[in-house]
Amino acid sequence: MKTMKYLFRKLAPLIILYIASGILVIGGFTGVPLFGFFRSYFGFATFVIGAGILAHFFGEALPRKFCYEKFPFAPYRWEKNGRIYAKVGVDKWKDRTVDMGKAGVGTESKDLSGKAGGSGRPTPENLEKMIQETCVAEVTHFVLILISPVILFLCELPWSVILLTAYIISNLSDIVIQRYNRPRLIKLLQLMQKKSRPKPAEQNASES
């Protein structure tokens, strides 16, 4: 129920359009203006829903053992540790995208404190989990882009090209968010690990 409420709040116009398209296509109302668009959108949205469900199980099955400081997850030099994405306003639009974690989908904790109702202070363990989740999300959205040409066979021109382009841009924006967030999370994790290491004087005292 929480998931449905979240998705409807985020995607209400697209959901309503999908339902309307389904009624028109299944009902065979071919005389409706722009019927080609409705038929194409119905096929496209059905693909997106199916791919999204499969992507969820694919992501959940991935082991959380990514080497996030190595290729392909490490930031490229031109990314400037993710700062380059600030120039495309990622901070302004990243919270407007659909976050399935906020929708209650997924097994990994998104609570930085490590417990519901906590203070919100991050722990090294949860930072590590969140970094791994950015890798999972990036791989998943990349796979969705790879299978996206299927849309060309489900929809008719010119809608197939338009919908495919929109779908690729949507997944690329999610990849950008991961590549923007990951260096910041890694930096915070390294800072916390550095602070938690015993100082030389404290280490000598414990050894004695």
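Overview of values
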quantity: With all protein chains modelled, accessible area of GLU69 [1.4 Å, Å²]; calculated: 110 Å²
quantity: Among GLY31, HIS56, ALA45 the positive-end extreme of the charge dipole of region 24-103 (Cβ point charges); calculated: HIS56
quantity: Around ARG184: net Lys/Arg minus Asp/Glu count, Cβ-Cβ under 13 Å; calculated: +4
quantity: Across LYS10/LYS194; LYS5/LYS87; LYS5/LYS80; LYS5/LYS65; LYS5/LYS94; LYS5/LYS187, pairs whose alpha-carbon gap is larger than 30 Å; calculated: LYS10/LYS194; LYS5/LYS87; LYS5/LYS80; LYS5/LYS65; LYS5/LYS187
quantity: Ordering of 25-34, 159-168 by packing [mean C-beta count within 10 Å, highest first]; calculated: 159-168, 25-34
quantity: With all protein chains modelled, accessible area of HIS56 [1.4 Å, Å²]; calculated: 60 Å²
quantity: Cα-only Debye scattering, region 1-93: base-10 log of I(q)/I(0) at q = 0.12, 0.13, 0.18, 0.21 Å⁻¹; calculated: -0.69, -0.77, -0.99, -1.06
quantity: Distance between modelled label sites at THR3 and ALA166, nm, 7 Å Cα→Cβ extension; calculated: 2.3 nm
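The values are calculated or read from the model by the stated rules, or taken from the named source; none is laboratory data. Keep in mind it's a predicted model, so treat the numbers as computed, not measured. For neighbour counting, all protein chains shown are included, and Cβ atoms are generated from backbone atoms with ideal geometry for every residue, glycine included. We work out accessible area using only protein heavy atoms, side chains counted, and drop any ligands, DNA or RNA first. Shrake-Rupley method; radii C 1.70, N 1.55, O 1.52, S 1.80 Å.
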